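Here's the structure we're looking at; comments come further down.
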Amino acid sequence: MSVGTRLQAVGAHIYAKLQDFYAKLQDFALRSTATAAIEFAMVLPVMLTAYIGSVEVGGGVTADRKLASLSLTLANLTARYNLNQGIQDSDINGVFNASAAVLSPYDYTKAGMVITSFVFDSGVANPPNAYVVWSDATGPGAVAMTPSCTNAISTTIVPANLRTQGGSVILGQANFPYHPPIGYVVTGTVNLSEVNFMVPRYKPSIARTNSSTGKTYSTCVGSSLAP
């Protein structure tokens with residue numbers, strides 16, 4: 001057999017081996033691709049669920065933080081009142097409207113807001129008893145508390161550490177129904193609620209003028225509301 005013939009035979013053998021190797025390499029690639037595709041198909045639902053869940057939960061956390069800011073603004077603006085006359089209806093409405101803007105970009109018309117003034121007696125009780133002098137509410141689900149100088153308020157509403165003898169505190173409450181944008185992980189409506197307290201800045205207590213009677217109340221004297 002001539003050298004040329006031998007080289008041709010060797011070349012053909014090498015070519016056959018390379019063809020076989022290439023075929024096996026292609027088969028391996030196809031098998032790897034299929035495995036990766038299966039793995040991706042298994043992981044994709046988990047990844048999508050985690051992503052959607054993070055979006056929905058993140059939106060809820062943001063809404064709750066804004067609601068906390070809203071309740072703080074309600075209490076803060078009211079506690080800053082410094083006029084000689086009692087707070088009028090127009091003043092309260094102004095506080096509600098200004099505070100509601102904090103909730104943007106969420107729909108503030110769906111928020112319920114309550115502002116309440118509590119006073120604490122100067123008796124021997126420890127902590128002092130708390131009473132509602134006035135309360136205003138607006139929006140869905142918002143309910144004003146009933147003024148009374150005889151029905152003491154529970155410490156679950158006004159904590160003991162906020163009560164000082166003869167003092168006063170303003171409570172701002174806000175609630176909001178959070179609807180997840182997708183509703184896949186977090187379904188239905190999540191009812192958020194936040195409260196904040198502020199001590200009056202310039203007066204012992206904040207007076208409120210009753211629009212129906214024209215009378216102004218800021219505190220309790222004995223068992224009766226008083227200016």
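With a Förster radius of 30 Å applied to the beta-carbon distance between Ser54 and Ala101, the computed FRET efficiency rounds to 0.60. What FRET efficiency comes out for Thr156 versus Met42 if R0 is 41 angstrom and r is the Cβ-Cβ distance? Round to the nearest 0.05. Between Thr156 and Met42 the formula returns 0.25. Of the peptides 67-73, 146-152, the ranking by mean beta-carbon count within 10 Å, highest at the top, reads 67-73, 146-152.
In terms of its alpha-carbon gyration tensor, segment 61-120 comes out prolate; a/c meets the 1.5 threshold, and the first ratio a/b outweighs b/c. Extending 7 Å from the Cα toward the beta-carbon at both Tyr202 and Val221 defines two label points whose distance is 2.4 nm. Compactness of segment 51-226 is given as radius of gyration and Dmax, 17.7, 59 Å, from Cα positions. Distance between the pseudo-spin-label points of Asn93 and Lys110 (7 Å out from Cα toward the beta carbon): 2.6 nm.
Every number here is computed from the coordinates shown, using simple stated rules; none is lab data. If you're wondering where the values come from, they're calculated on a predicted model, not measured in any experiment. We place every Cβ from the backbone using ideal geometry, glycine too, and count neighbours over all the protein chains shown.
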